[in-house]
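In what follows, a structure is listed as structure tokens, so that the remarks can point back to it.
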Amino acid sequence: MAKRAGQGSYVFFTETMAEQERHRLTLTNQLRNALRLNELSLHYQPQYRVDNGSLYGVEALLRWQRADGTMVSPAEFIPIAEETSLILEIGYWVMKTACAQYSFWLNQGLCIPHLSVNVSARQFHTQGFVQQVEYILRDTGVPPSRLLLEVTESVVLENRRDSIARMRQLKALGILISIDDFGTGYSSLAYLRDLPADEVKLDRSFIQTLVNSEQDRAIVKAILDLAQVFRFTVTAEGVEETAQLEVLKILGCQHYQGFLTSRPLTVNGLEQLLCPTEAD
Ligand code: C2E
Ligand code: MG
Ligand code: MG
Ligand code: MG
């Protein structure tokens, strides 16, 4: 199959490229109907304090199970949703659903100090986003100081001035801002100083090598030291081993999440974890 690329030149697609493109189109079309068909849901991964192991919060993570039962990873479908305006609809649904669920848990007396919600680049920069968050907070009754919005470091780097302005608007609502996947964006650490954020999330890639690589340990230590100066809290993601947690404790990291303690859980799963007697 060949496609004209202009100026008489041709780009040749291999079979696999054509297949990939077909796969992407199929996913896009299926994703268009996923919300209406109730195929999207949220899982919640607990986050803990490193010093005493108590619950710090939960991160809402999107799940898509298609009608045939197969799961599609958010790492695959979020970028597809980002290419269309679908991400706006999905992002709004995520925020509304997570806040409503969290409000329900608070009313039930469950002690979950914070709720973290991931926000995509396009959603974050869309006009009216701040008003949407304000409306959802009012509608669900979630106290703003309990909500953390996670924006990836790359989003902030690409569009630094606008991002800082947007963060300030969000912070004026009283909510907290988190920089997700921190350390992967090749940014100068000093740029942290200018960010009106409250938390950075250390990317899993650093945690994986924390125990064996002295260099990575030094990077993590530098981030933690700087975070302390600039008054950010730090959450480590992807903690899978006790040894990693031990190093994080020595280095003074405040919070962590990971398979070591819990995978992302369904609503029922989280309720059973937090109040097992009630659920039995
Ligand atoms: P993220 O926000 O950095 O989320 C952390 C990811 O690491 C999640 O993958 C989580 O399941 C996984 N994880 C947590 N602990 C461990 C561990 O110990 N080991 C390993 N190997 N993985 C761990 P997930 O749920 O597949 O989500 C992938 C990414 O998709 C997220 O990365 C986030 O960027 C995006 N995403 C998920 N839900 C949403 C959403 O509602 N909105 C937006 N915009 N993006 C979302
Ligand atoms: Mg996240
Ligand atoms: Mg992350
Ligand atoms: Mg990540």
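A compact table of results
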item: Matching residues in the stretch 220-252 - criterion: being out of contact with any Lys or Arg (no Cβ under 7 Å at 6 or more places or on another chain) and within 16 Å of ligand 4 (Cβ to nearest atom); result: VAL220, ILE223, VAL234, ALA236, VAL239, GLU240, GLN244
item: Tally of residues being free of Cβ contacts under 8 Å to residues at least 40 places away in the same chain and either away from ligand 2 (no atom under 14 Å from the Cβ) or of a type in the set (A, V, I, L, M, F, W, C) (or both) across the stretch 140-160; result: 12
item: Residue selected from the stretch 138-149 under the condition in a helix (DSSP H, G or I) and within 19 Å of the chain's Cα centre (by Cα), by the criterion surrounded by the most Cβ atoms within 10 Å (Cβ to Cβ); result: ARG146
item: Residue in the stretch 73-87 that is surrounded by 15 or more Cβ atoms within 10 Å (Cβ to Cβ), more than 27 Å from GLY238 (Cα to Cα), under 18 Å from the mean Cα position of the chain (by Cα) and of a type in the set (A, V, I, L, M, F, W, C) present; result: yes
item: Filter result (closer than 12 Å to VAL58 by Cα and either assigned to a helix (DSSP H, G or I) or modelled with pLDDT under 95 (or both)) within the stretch 256-270; result: VAL267, LEU270
item: Odd one out for TYR92, checked against (1) at pLDDT 95 or above; (2) within 16 Å of ligand 4 (Cβ to nearest atom); (3) touching a helix residue (DSSP H, G or I) at 6+ places or on another chain (Cβ under 8 Å); result: (2)
item: Odd one out for ASN212 among (1) in contact with a helix residue (DSSP H, G or I) (Cβ under 9 Å, 6 or more places away or on another chain); (2) more than 16 Å from ligand 4 (Cβ to nearest atom); (3) over 23 Å from LEU62 (Cβ atoms); (4) not basic (Lys, Arg); result: (1)
item: Complete set of residues in the stretch 93-109 that are crowded, with 16+ Cβ neighbours inside 10 Å and either under 23 Å from THR235 (Cα atoms) or away from ligand 1 (no atom under 16 Å from the Cβ) (or both); result: VAL94, MET95, ALA98, CYS99, GLN101, TYR102, SER103, TRP105, LEU106
item: Test set (1) surrounded by fewer than 19 Cβ atoms within 10 Å (Cβ to Cβ); (2) within 16 Å of ligand 4 (Cβ to nearest atom); (3) among the β-branched types (Val, Ile, Thr) - THR152 fails condition number; result: (1)
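The values are calculated or read from the model by the stated rules, or taken from the named source; none is laboratory data. Predicted model only: the values in this text are computed from it and were never measured. A quick note on method: Cβ atoms are made from the backbone with ideal geometry, for glycine too, and the neighbour counts reach across all protein chains shown.
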